[in-house]
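The structure appears below as structure tokens.
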Amino acid sequence: MLQYVTTNEGKVREARDYMACEQFDFDYTEIQSDDLGAIAAHGAREAYREADEPILVDDAGLFVDVLDGFPGPYSSYVEDTLGIERVQELVAHEENRRAAFRCVLAYCDGKEFAASPDPVDRDDRALAAAGDEDDESDSGLPVKLFSGTVRGRIVPPRGEGGFGYDPIFEHEGTTMAEMAVDEKNAISHRGRALAKFGEWYHERQAARTE
Ligand code: ITT
């Protein structure tokens, strides 16, 4: 069974619209990097070594234009420390309140796959970013990356659904906290990444059972 690696139940709720998976509540090491793909790839290798089952890691972040992409890869820390209302206040008086949500999914099952159409991270980049080139323990484990982005704008909090920054992120007049799971998936960063992954994964499953 595919293991969806996250401590966040909200992510798993959204993922189950696309495929059967189990939540693997594993707090992988988040390396210091500006690149969500490198963070997710490193986490996927670590989680695969731990579980020895097919792994999907989901790393996401909110990138606010006028704040040069802050909080970006630090979104989780900023939610826990500043809180989402303070992030909203930071841009409340700005003319430009545009922002993007990004999600990168990293898949690892210990086997090879073709690079196309999405990139395959062959671990040198992630290891270099982690500064631990001497760590041979996960070398050679290919990781396939799928990404999705949604653009919107930062608004005062509205809505009871979703999680994280959803109440302050508005897309075409509706905050993501005002959307049902399937409505959010239809437009969201995660929904877009999951749709790409789901299509590829189901083909892969079918090819392996032929
Ligand atoms: P895991 O790392 O265990 O998966 P997390 O919630 O910390 O859980 P991320 O690092 O990917 O996951 O998330 C970064 C932050 O962005 C965190 O504060 C989330 O609540 C928030 N976030 C992620 N996806 C989101 C979404 O779809 N809507 C709103 N906020 C989201």
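Report the residue count in segment 1-33 for those that are within 9 Å of the ligand (Cβ to nearest atom), over 15 Å from residue 54 (Cα atoms) and open to solvent by 80 Å² or more (accessible area, probe 1.4 Å).
Number satisfying all stated conditions: 3.
Might you let me know whether segment 110-117 holds any residue that is modelled with pLDDT of 95 or more and either among the aliphatic types (A, V, I, L, M) or over 22 Å from residue 12 (Cα atoms) (or both)? Talk me through it step by step, then tell me what you get.
Step one: of segment 110-117, the residues modelled with pLDDT of 95 or more are none.
Within segment 110-117, not a single residue is modelled with pLDDT of 95 or more and either among the aliphatic types (A, V, I, L, M) or over 22 Å from residue 12 (Cα atoms) (or both).
In segment 40-58, which residues are within 11 Å of the ligand (Cβ to nearest atom) and in contact (Cβ under 8 Å) with a residue 60 or more places away in the chain? It would help to see each step written out before you state the result.
In the first step, residues of segment 40-58 are kept if they are within 11 Å of the ligand (Cβ to nearest atom); the result is 40, 43, 47, 56-58.
Across segment 40-58, the qualifying residues are 40, 43, 47, 56, 58.
The values are calculated or read from the model by the stated rules, or taken from the named source; none is laboratory data. Treat the numbers as computed from the prediction; the structure is a model and nothing was measured. Note that we place each Cβ from the backbone using ideal geometry, even for glycine, and neighbour counts take in every protein chain shown. Remember, those area values only see protein heavy atoms, side chains included, never the ligands or the DNA or RNA. Shrake-Rupley method; radii C 1.70, N 1.55, O 1.52, S 1.80 Å.
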